[in-house]
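**Student:** Here it is: the structure, laid out below.
Any read-out appearing in this document is the output of simple, stated calculations on the displayed coordinates, not a laboratory observation. Note that this is a predicted model, so its numbers are computed, not measured. Backbone-built Cβ (ideal geometry, glycine too); neighbour counts: all protein chains shown.
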Amino acid sequence: MTMRRKMAAGNWKMNGNSAALSVISELVATHTAKTDTDIVICPPAPLLFRGSESASASPLAIGAQNCHSAASGAYTGDISAPMIADTGATHVIVGHSERRDACGETDSDVRAKTIAAWDAGLTAILCIGESAKDRDAGKTLDIIAAQLSGSVPDHATGDKLVVAYEPIWAIGTGAVATTQQINEVHDFIRKRLVQRLGDDVGNAIRLLYGGSVKPANAAEIFKCDNVDGALVGGASLKAEDFTPIIQALVAS
Ligand code: 13P
């Protein structure tokens, strides 16, 4: 059986200014021991440099929330994967549903961003997930299958790729998916990755659940077989909320 390291990733979205760097310092101070769990904080881009400095020489890693697919060029306002790597960050979220929705990112855009992240030496945390409408129409697994085949590049490996399943209806709503729903989708994602990439790679890619993960529900979610961790929004903004989630993952 493939042993996968676990991952607790925090997506701060467009929240937090320099005062929020104290949250990173607090997490660095709390999580000094090396465990089987990777901890990644993805702050807004202006905090990447200082966040990476605070986390250097600690088990904490820093990630960005998006990157452009080109390494440089006339793309006003965008940030490239090599620029992210230059800050000391090691991860980048790609294909978050908020970007797919608000910025019209397609699966092929997400695929190109993932390749750009890898070219810059970053680990991509690639998000997929169905809307409430898709789920009500019984299309959840079709949507997941299409997103996986359209956005995961062929040469994926367990080191470079983490897949986050975030049902859109569970993001920021408090409406966490049931463990039955999570199991169904995560088992399906695992099966698809193994079919496409083979046993070794398919079983090495970590699968995170995201959508209203809180200290109160984390332990239950982490019992699911193919859940290797969580991508946490709101509850990653305060060390006092994120730490019990990390602890539940380490203990799982
Ligand atoms: P919440 O944990 O706030 O629901 O956000 C989830 C998310 O979108 C993480 O990327």
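**Student:** Computed over the Cα atoms of the chain, what is the ratio Rg over Rh, Rh following Kirkwood?
**Tutor:** Details: Rg = 16.7 Å, Rh = 17.9 Å.
Taking Rh as the inverse mean 1/r over Cα pairs, Rg/Rh reads 0.93.
**Student:** Further, regarding this structure: Of ASP225, ASP154, ASP241, how do they rank once you tally other Cβ atoms within 10 Å and put the fewest first?
**Tutor:** Working: ASP225 11, ASP154 8, ASP241 17.
Going from sparsest to densest Cβ surroundings: ASP154, ASP225, ASP241.
**Student:** Send over the Kirkwood Rh of segment 81-162, from the inverse of the averaged 1/r over different Cα pairs, rounded to one decimal Å.
**Tutor:** Details: mean 1/r = 0.0757 Å⁻¹.
Across segment 81-162, the inverse of the average 1/r is 13.2 Å.
**Student:** To the nearest 20 debye, what is the magnitude of the charge dipole of segment 1-48 about its Cα centre, counting +1 on the Cβ of each Lys and Arg and -1 on the Cβ of each Asp and Glu?
**Tutor:** Details: 5 positive and 3 negative charges, 36 e Å.
Using only the charged Cβ atoms, the result is roughly 180 debye.
**Student:** Something else about it: For GLY233, enumerate residues with amide H under 5 Å from its amide H, sequence gap 5+ or separate chain, H modeled in the peptide plane.
**Tutor:** ASN11, GLY211, SER212, VAL213
**Student:** Which ordering of TYR75, TYR165, TYR209 is given by a fewest-first count of other beta-carbon atoms within 10 Å? Don't jump to the answer; show the numbers that get you there.
**Tutor:** Working: TYR75 11, TYR165 26, TYR209 30.
Least to most surrounded, the residues fall as TYR75, TYR165, TYR209.
**Student:** So, one more: Enumerate the helices in the chain for which the Kyte-Doolittle hydropathy averages -0.5 or more and the C-alpha atoms extend at least 15 Å along the helix's axis, using complete DSSP H runs.
**Tutor:** Span-like helices here: 140-151, 239-251.
**Student:** If you don't mind, there's one more thing I want to ask. Roughly how large, in nm² to one decimal, is the mean projection of the convex hull of the alpha-carbon atoms in segment 123-252? Write out the running numbers ahead of the final one.
**Tutor:** Details: hull surface 30.1 nm².
Averaged projected hull area, Cα only: 7.5 nm².
**Student:** Debye calculation, C-alpha points only, no solvent: report log10 I(q)/I(0) for segment 1-110 at q = 0.18, 0.19, 0.20 Å⁻¹, in the same order as the q values.
**Tutor:** So the normalised log intensities are -0.93, -1.01, -1.09.
**Student:** For segment 94-133, what is the convex hull (Cα atoms) projected area averaged across all directions, in square nanometres? If you can, show how the numbers build up before the last one.
**Tutor:** Working: hull surface 11.3 nm².
Averaged projected hull area, Cα only: 2.8 nm².
**Student:** Would you mind ranking PHE222, PHE188 by Cβ crowding within 10 Å, fewest neighbours first?
**Tutor:** Details: PHE222 22, PHE188 17.
In increasing order of surrounding Cβ atoms, one gets PHE188, PHE222.
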